[in-house]
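Below is one structure; the comments refer to it alone.
The values are calculated or read from the model by the stated rules, or taken from the named source; none is laboratory data. This structure is a prediction, so every number in the text was calculated from the model and none was measured. Reconstructed Cβ throughout: ideal geometry from the backbone, glycine too, with neighbour counts over all protein chains shown. Heads up: the accessible areas ignore ligands, DNA and RNA and are worked out on the full protein's heavy atoms, side chains in. Shrake-Rupley method; radii C 1.70, N 1.55, O 1.52, S 1.80 Å.
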Amino acid sequence: MKTQMFEPSRLGKLLTSSALASVLGLAVMSSAVVAEAENETAESVELDFSLMFDEIKITAQKRSESIQDVGIAVTAFSGRQIQALGLTSSVDVIGLSPGVSMAGDIGGQRALFAIRGVVQNDFADHAEAPVAVYVDEGYLASTQAQTFGLFDVDRVEVLRGPQGTLFGRNATGGLVHAITKKPTKETEGYVNATYGRYNQVKLESAFGGPISDVVSGRLSAMYNTHDEILKNVYSGADAQGVTGTPGGGQDGYNDDTIAIRGQLQFDFSVNTQLWLAANFADTNKSEGPYQQTATVAVLDAEGRHIDTVYSRDVAAGCEALSAETGACIDLFADNDSDGVRPVVGGDLFGYIDPDGSGNLTAKDFAFTDENDISSYGFAGKLTHNFEKSTLTAISDYKHFDRSVGLDSDQSPTPFALYHSLGEIDQFSQEVRLDGSNDKFKWVTGAYYLYVDAKVTQGLAYPENSPFLAAIGLPGMPFEDNTTGHLTTHSYSAFGQVDYALNNQWTLVAGLRGGFEDKNYTQKIGEYVNADDRLVELETSTGYVPRADFHDTTSTFLWSGKLQLEFSPDESSLYYAGINRGVKAGSFNAKLFDGVTLSDEEIPYDEEVLVSYEAGFKKSFADGKTRLNGAVFYYDYKDYQAFTWTNNSGFVSNVDADYKGFELELTTTPTKNLNLLATVAYIDADVKDVTIAPGLTKDVKPPYTPKWQLSGVARYSWDAFEGSMAAQTSVSYQSSFYSNLRNFTAHKFDGYAKVDVGLTWDAYAEDWSVSAMVHNVFDNRYQVIGFDVSSFGGYSQESYARPRWWSLTVGYKF
């Protein structure tokens with residue numbers, strides 16, 4: 001197998017000439033700034049322009065430490081940096097975090113973190129991700145919950161590599177931890193109002209301060225709405241005159257979100273504190289904003305699907321293509337037998353997207369208010385300081401509801417629909433004790449997690465679906481729904497010790513072990529589809545695709561860490577170690593697309609990742625420059641591989657190995673200029689993946705670009721009785737696959753994204769104004785895709801949000 005090498009020319013082709021001009025302009029500006037810095041006034045010297053050098057204390061090891069003193073590959077963003085860089089969502093940190101990319105589904109309405117290529121794109125609501133996401137030390141079991149707004153946030157920490165010793169199972173790939181701003185003894189608050197493209201209106205506010213001598217409080221809220229990005233030109237019927245879902249054809253890709261958070265801080269004494277919090281969020285959006293690309297399944301002599309190509313590249317307009325002869329092969333779904341599509345380059349029913357990757361679409365099942373996602377939760381943290389240790393107890397409850405639907409074919413033809421209902425309740429309790437002395441830093445504790453997840457997902461066929469005619473049931477709409485109920489009880493104990501061998505060498509050793517008990521039931525049923533917008537579970541057609549399934553598992557899981565750290569001086573840290581992470585096994589809730597799993601295929605085993613990693617953190621020039629780096633090798637056993645075939649997917653266990661490196665440079669060459677640059681490389685192989693019955697091959701994990709680069713340049717100066725700052729950020733990632741099978745049409749091109757911003761903060765007053773433009777050059781690159789070529793002759797693909805400008809006015813008090 002040939003290895004793709006990074007070539008500078010590949011990046012050059014992706015950056016438009018305008019983007020290159022922007023980057024070169026930054027270099028010229030930076031040179032001018034260095035010269036100008038010699039003439040700074042005495043007054044400006046006193047100002048703080050070192051945004052990228054915010055001294056961030058992180059809790060990656062369950063204690064507050066400087067990021068440069070922690071032997072873990074970490075990228076962190078302070079609340080000030082998040083606001084200045086225009087990061088509004090949890091997934092916005094991806095572009096500036098080396099080795100982190102994005103996966104997801106529902107056209108990007110659910111986004112998942114992929115860290116160093118560790119990701120699982122199973123979209124069933126009961127599935128948990130191999131990258132753990134926490135908010136205020138509370139674990140988010142729902143993958144939908146990984147996408148949340150960054151408002152009133154103190155910092156976000158992105159930890160790369162297994163973090164299971166201190167954070168438990170399902171942190172195989174790493175951890176993303178958002179920490180909100182806490183109540184203070186001083187009355188303070190802010191209001192930010194934003195207006196942006198597509199009539200975006202965003203309001204964000206927080207207010208807090210003392211309630212009594214003992215109690216402080218803080219209330220935070222965020223509201224965001226914008227109009228539809230996708231313009232639907234659906235005429236009321238497809239090319240054959242077939243009408244679709246009544247009332248459909250509406251524009252899509254919008255947002256209507258509200259989130260509220262309330263906190264109380266009780267300072268009973270110097271040694272005892274209690275923090276309580278409650279939160280609520282609700283989001284209403286259109287159906288999943290995919291767009292259709294017509295694709296052709298390539299079949300071998302045995303009829304196995306071995307490749308997928310774009311329909312536009314098949315001159316004969318075949319429904320499916322023979323790998324051996326190049327002849328056209330018929331797909332039964334269109335209810336004819338000629339094996340040829342009505343339009344060359346179109347899907348089985350003659351549809352071609354009106355403008356490719358642009359904002360025009362034409363689909364019948366399209367409603368501005370189709371998808372609803374809501375959550376609420378309560379948390380408490382009790383802290384008590386003893387003479388030489390601290391006791392911490394954290395209780396956390398969360399509830400998630402999700403109702404989503406989308407047009408499976410993303411076209412005017414009422415071919416098939418996808419819908420899903422999810423309800424998750426979770427509770428966790430952690431009790432830990434930590435302390436230190438001259439030789440030791442240690443933490444030990446116990447953790448319990450309960451998750452109750454109910455999921456229903458299925459494929460529905462509308463009244464006029466050609467699929468119904470193809471199977472001999474014209475005008476008899478039905479839907480096949482898979483209903484699963486999974487309960488999880490996880491118990492574990494953990495401990496980690498940092499032992500100072502001398503004043504330069506430290507040995508770190510940690511261990512976590514526990515049991516995970518799961519109980520799962522599953523039912524697949526066929527029901528009358530009386531309403532395309534409802535999930536039907538009442539009226540059965542009498543057909544049962546497979547027998548009900550029930551199983552229980554009890555598994556012992558353990559993680560461990562052994563690391564040696566060397567600090568020759570206060571500005572340097574070198575580390576090397578072995579880290580074992582584990583993600584618990586679970587159960588498939590596969591959509592019924594004509595194929596069911598056996599009883600042996602429904603459960604899948606835990607995955608184990610053993611990481612061998614070495615890294616360094618180095619400060620230069622009196623702390624004005626920092627260079628951090630890491631190199632790693634992953635020995636991955638029983639990798640949970642999500643394989644999408646036909647019109648559904650399932651998880652199975654295979655082995656893999658990964659290797660790569662990351663570098664992160666932060667520097668302030670002058671007081672006014674901040675620069676950030678990162679690079680990440682990964683070479684990963686997943687072994688012996690079954691891409692078709694009886695056919696296996698080694699593949700690349702999905703959503704794992706080989707190269708990632710990013711950079712930020714920010715220049716600040718005195719202006720208009722305040723501080724003005726201009727900044728540009730650039731992020732690039734090379735090509736990647738959207739599907740584990742690595743077919744031709746699964747490979748998405750690499751892309752570069754440029755953002756610019758201009759901000760002003762008043763000195764004497766507390767006003768601020770910022771103008772941001774994201775995706776300056778309006779690159780319409782693919783981000784998520786699902787191959788449905790063998791089922792309906794198309795693929796679902798979603799694209800990055802178009803150029804987006806916004807203006808924000810803020811006031812602090």
Open item on the list: Residue under question is Gly350, and the condition is that it be over 26 Å from the mean Cα position of the chain (by Cα), surrounded by fewer than 22 Cβ atoms within 10 Å (Cβ to Cβ) and closer than 21 Å to Gly244 by Cβ; does it hold?
Closed with: yes
TODO: Would you mention how many residues in segment 71-82 are without any contact (Cβ under 8 Å) to a residue 40 or more places away in the chain and either open to solvent by 10 Å² or more (accessible area, probe 1.4 Å) or closer than 30 Å to Gln504 by Cβ (or both)?
DONE: 1
TODO: Can you confirm whether segment 294-303 contains a residue that is open to solvent by 20 Å² or more (accessible area, probe 1.4 Å), of a type in the set (Ser, Thr, Tyr) and either modelled with pLDDT under 95 or not in a loop (DSSP other than H, G, I, E, B) (or both)?
DONE: no
Task: Test: Thr552 is out of contact with any helix residue (DSSP H, G or I) (no Cβ under 9 Å at 6 or more places or on another chain), closer than 22 Å to Ser408 by Cβ, open to solvent by 20 Å² or more (accessible area, probe 1.4 Å) and not aliphatic (A, V, I, L, M) - done: no
- [ ] Would you check which residues across segment 129-147 are crowded, with 24+ Cβ neighbours inside 10 Å, not hydroxyl-bearing (Ser, Thr, Tyr) and not in a strand (DSSP E or B) and list them?
- [x] Ala129, Pro130, Leu140, Ala141, Gln144
TODO: From Asp688, Asp718, grab the single residue that is within 30 Å of Arg304 (Cβ to Cβ) and either open to solvent by 20 Å² or more (accessible area, probe 1.4 Å) or among the aliphatic types (A, V, I, L, M) (or both).
DONE: Asp688
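Select from segment 241-276 the residues that are in a strand (DSSP E or B) and open to solvent by 60 Å² or more (accessible area, probe 1.4 Å) and list them in ascending order.
Correct list: Asp256, Ile258, Ile260, Leu264, Leu276.
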Task: Among the residues listed as Thr668, Thr704, the single one being crowded, with 20+ Cβ neighbours inside 10 Å and under 29 Å from Gly108 (Cα atoms) - done: Thr704
TODO: Say whether the condition of being at pLDDT below 90 and either crowded, with 24+ Cβ neighbours inside 10 Å or touching a His at 6+ places or on another chain (Cβ under 7 Å) (or both) is met by at least one residue in segment 149-167.
DONE: no
TODO: With the condition kept exactly as written, say whether any residue in segment 711-722 is at pLDDT 95 or above and more than 30 Å from Tyr190 (Cα to Cα).
DONE: no
Task: Test for Glu204: is it open to solvent by 10 Å² or more (accessible area, probe 1.4 Å), in contact with a Gly (Cβ under 6 Å, 6 or more places away or on another chain) and of a type in the set (Asp, Glu) - done: no
Task: Count - residues of segment 637-680 that are in contact (Cβ under 8 Å) with a residue 60 or more places away in the chain, more than 29 Å from Ala297 (Cα to Cα) and under 23 Å from the mean Cα position of the chain (by Cα) - done: 9
- [ ] Find the residue count for segment 98-126, including only residues that are part of a strand (DSSP E or B) and on the phi < 0 side of the Ramachandran plot.
- [x] 12
Open item on the list: Looking at segment 769-794 only, could you name the residues that are polar (S, T, N, Q) and open to solvent by 20 Å² or more (accessible area, probe 1.4 Å)?
Closed with: Ser770, Asn779, Gln782, Ser790
Task: Matching residues in segment 514-545 - criterion: being more than 26 Å from Asp425 (Cβ to Cβ) and either open to solvent by 70 Å² or more (accessible area, probe 1.4 Å) or part of a strand (DSSP E or B) (or both) - done: Glu526, Val528, Ala530, Thr539, Ser540, Tyr543, Val544
TODO: Answer yes or no as to whether Gly356 is at positive phi, at pLDDT below 95 and either open to solvent by 20 Å² or more (accessible area, probe 1.4 Å) or in a strand (DSSP E or B) (or both).
DONE: yes
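When segment 606-626 is examined, which residues are found to be part of a strand (DSSP E or B) and either open to solvent by 50 Å² or more (accessible area, probe 1.4 Å) or β-branched (Val, Ile, Thr) (or both)?
Correct list: Val608, Val610, Tyr612, Phe616, Phe620, Thr625.
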